């Protein structure tokens with residue numbers, strides 16, 4: 001495992017994202033709100049974090065849901081995983097949706113998502129007229145059955 005330097009600006013009063021344990025893949029990010037946001041059932045909102053990052057070329061940050069928030073409150077991220085490109089310099093914001101039947105409140109400082117820093121490989125596409133044959137072929141979307 002390799003640590004990479006990532007420049008970050010924190011315009012919130014929240015602590016910087018950090019790994020909770022030595023084995024954590026993601027760092028929790030927190031809501032930066034002037035007032036609480038109430039999400040009604042099936043409502044979505046763009047939640048600011050006050051964070052701005054500068055990733056090295058060849059890396060991305062992925063925004064993913066927090067499992068505890070999803071199971072306990074029914075709140076998850078839309079556009080998951082969201083991709084933050086290495087040349088993006090705007091504020092990190094998270095699209096949250098309330099999938100529960102009850103209103104859910106997001107407060108300043110709540111851990112709303114996690115970010116994963118991942119390396120990238122860019123593809124060189126080659127236009128062909130035929131693909132190699134495999135045993136699976138065109139089987140998709142449940143082709144292996146339920147069990």
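Coordinate-derived values only; no laboratory data. Small disclaimer: the values here were computed from a predicted structure and weren't measured. Quick reminder, even Gly has a Cβ in these numbers, built from the backbone with ideal geometry, and neighbours come from all protein chains shown.
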Check your understanding: For the chain, what relative contact order do you get, as a whole percent, if you take Cα pairs closer than 8 Å and at least 6 residues apart?
Key -> 30
Revision key, fill the gap. Of 134, 105, 83, the most mobile residue in a GNM of the chain (C-alpha springs, cutoff 10 Å) is 134
Check your understanding: Once both labels are modelled 7 Å past Cα along the beta-carbon direction, what's the residue 130-residue 10 spacing in nm?
Key -> 5.9
Point to revise | Within a Gaussian network of the chain (alpha carbon springs, distance under 10 Å), most fluctuating of 137, 50, 82 | key: 137
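Below 8 Å, C-alpha to C-alpha, sequence gap of six or more: please give me the relative contact order for the range 42-104 in percent.
50
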Practice item. Mind checking the full-extension length gain between residue 2 and residue 87? Use 0.36 nm per residue of separation minus the Cα-Cα distance, one decimal, nm. Key: 28.5 nm
Study note, to complete from the structure: Per GNM of the chain with C-alpha springs under 10 angstrom, the most fluctuating residue out of 94, 63, 128 is 128
Exercise for review: For residue 24 and residue 70, compute 0.36 nm times the residue count separating them, minus their Cα-Cα distance, and round to one decimal in nm.
Suggested key: 14.8 nm
**Study point:** Euclidean distance between Cα centres, the range 67-121 to the range 1-55, Å
**Key:** 8
Practice item. Pull out the extension gain between residue 34 and residue 80, defined as 0.36 nm times the separation in residues minus the alpha carbon to alpha carbon distance; nm, one decimal. Key: 14.0 nm
Revision key, fill the gap. Looks like the range 7-119, by Cα gyration tensor root eigenvalues a ≥ b ≥ c and the a/c under 1.5 rounded cutoff (else prolate when a/b is bigger than b/c, oblate otherwise), is prolate
